[in-house]
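Visitor: Sharing a structure here in structure tokens format.
Every number in this text was worked out from the coordinates using simple rules, so none of it is lab data. Computed from a predicted structure; not experimentally measured. Because the Cβ atoms are built from the backbone with ideal geometry, glycine has one as well, and the counts that use them run over all protein chains shown.
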Amino acid sequence: MQEHNYSIKNWSKDDRPREKLLLKGAESLSNSELLAILIRNGTRQKSAVDLAKEVLKIGKDNLVELGRVSIKDLMKVKGIGEAKALTIAAALELGRRRQATEPLEKTTIKSGSDVAHYLQAKLKDFHHEVFGVVFLNRANKIKHFEIISKGGITATVADPRIILKRALEENAVNIILCHNHPSGNLKPSNADLEITRKIKDAATLLDITVLDHIIIGDNQYFSFADEGIL
């Protein structure tokens, strides 16, 4: 039985992902070809592109879904070891951070919609509830974003003292509170309303303004300021 050689080296030069990227630019490559460059080497039975296609299937051929896949699940693809899985996870995280970082230099926060896209990129892959704060300067440009707590909103995990200490360290004049609702239900709970009031009252004493509290859902958001309940 004749053994097939699946090495990308034997492909036409125009079909090799790395050469294709150099000749035609990254935008000309498919998702599987870009992943193949990260994977680098295939197995005796499959090329790097074939492995990349299997990896994409785990994420339902969707990069957002793939970003939610664990290292352990990536390694279930035969030919994807720990090093390859870590490389893929790191690349996806860089992509997510790039998406979230791009607006920083040019976006001035004026409403809930201005900051919602930024926060959706930051929070969309969490399967549990997290609470974060956006720290802004006097011109309402984003200085810093930080996850303050994980696992739900209570007076303990979203401690106003911790939040305002960080605001002072960042020299922030204004802050925007945010958390996600993995369930997709954007209606604020009584705990959401109470912690917002506590942080707002405490911030006032330090001349720091709470501009908004935004709840992030699945491609949706709820703005306390826009709804007039801040």
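Visitor: Which residues, counting only those in region 165-215, are outside any loop (DSSP other than H, G, I, E, B), aliphatic (A, V, I, L, M) and either farther than 14 Å from N137 by Cβ or touching a Gly at 6+ places or on another chain (Cβ under 7 Å) (or both)? Lay out the reasoning, then the answer.
Guide: Let us first name the residues in region 165-215 that are outside any loop (DSSP other than H, G, I, E, B), namely 165-169, 174-180, 190-204, 209-215.
Then drop every residue that is not aliphatic (A, V, I, L, M), which leaves 167-168, 175-177, 191, 193, 195, 199, 202-203, 210-211, 214-215.
Hits for region 165-215 are L177, A191, L193, I195, I199, A202, A203, V210, I214, I215.
Visitor: Within the bounds of region 166-176, is there any residue that is surrounded by 14 or more Cβ atoms within 10 Å (Cβ to Cβ), touching a Pro at 6+ places or on another chain (Cβ under 8 Å) and more than 19 Å from L123 (Cα to Cα)? Quick ask: steps written out before the conclusion?
Guide: So in region 166-176, the residues surrounded by 14 or more Cβ atoms within 10 Å (Cβ to Cβ) come out as 166-167, 170, 172-176.
Next cut, touching a Pro at 6+ places or on another chain (Cβ under 8 Å) only: none.
No, region 166-176 has no match at all.
Visitor: Let me ask something else. Which of the following residues is out of contact with any Asp or Glu (no Cβ under 6 Å at 6 or more places or on another chain), loosely packed, with under 15 Cβ neighbours inside 10 Å and either within 20 Å of A167 (Cβ to Cβ) or of a type in the set (D, E, K, R) (or both): D192, D212, D201, D226?
Guide: Details: D192 fails: loosely packed, with under 15 Cβ neighbours inside 10 Å; D212 fails: loosely packed, with under 15 Cβ neighbours inside 10 Å; D226 fails: loosely packed, with under 15 Cβ neighbours inside 10 Å.
Selected residue: D201, the only one of D192, D212, D201, D226 that is out of contact with any Asp or Glu (no Cβ under 6 Å at 6 or more places or on another chain), loosely packed, with under 15 Cβ neighbours inside 10 Å and either within 20 Å of A167 (Cβ to Cβ) or of a type in the set (D, E, K, R) (or both).
Visitor: I'd like the residue in region 216-230 that is of a type in the set (A, V, I, L, M, F, W, C) and assigned to a strand (DSSP E or B) and, out of all such residues, is nearest to the chain's Cα centre (by Cα).
Guide: Filtering region 216-230 down to residues of a type in the set (A, V, I, L, M, F, W, C) leaves 216, 222, 224-225, 229-230.
Narrowing further to those that are assigned to a strand (DSSP E or B): 216, 222.
Numbers: I216: 12, F222: 18 Å.
Ranking the candidates gives I216 first.
Visitor: Sticking with this one: Can you tell me which residue is surrounded by the fewest Cβ atoms within 10 Å (Cβ to Cβ) among those in region 70-102 that are in contact (Cβ under 8 Å) with a residue 12 or more places away in the chain and not in a helix (DSSP H, G or I)?
Guide: Result: K78.
Visitor: So G112 fits all but one of (1) surrounded by 13 or more Cβ atoms within 10 Å (Cβ to Cβ); (2) of a type outside the set (S, T, N, Q); (3) without any contact (Cβ under 8 Å) to a residue 40 or more places away in the chain; what number is the exception?
Guide: (3)
Visitor: Moving on to the next point. Out of everything in region 21-39 that is exposed (fewer than 13 other Cβ atoms within 10 Å of the Cβ) and of a type outside the set (G, A, S), what residue ends up being farthest from L92 (Cα to Cα)?
Guide: Step one: of region 21-39, the residues exposed (fewer than 13 other Cβ atoms within 10 Å of the Cβ) are 22-28.
Filter again for of a type outside the set (G, A, S), leaving 22-24, 27.
Details: L22: 21, L23: 24, K24: 22, E27: 16 Å.
Here the residue is L23.
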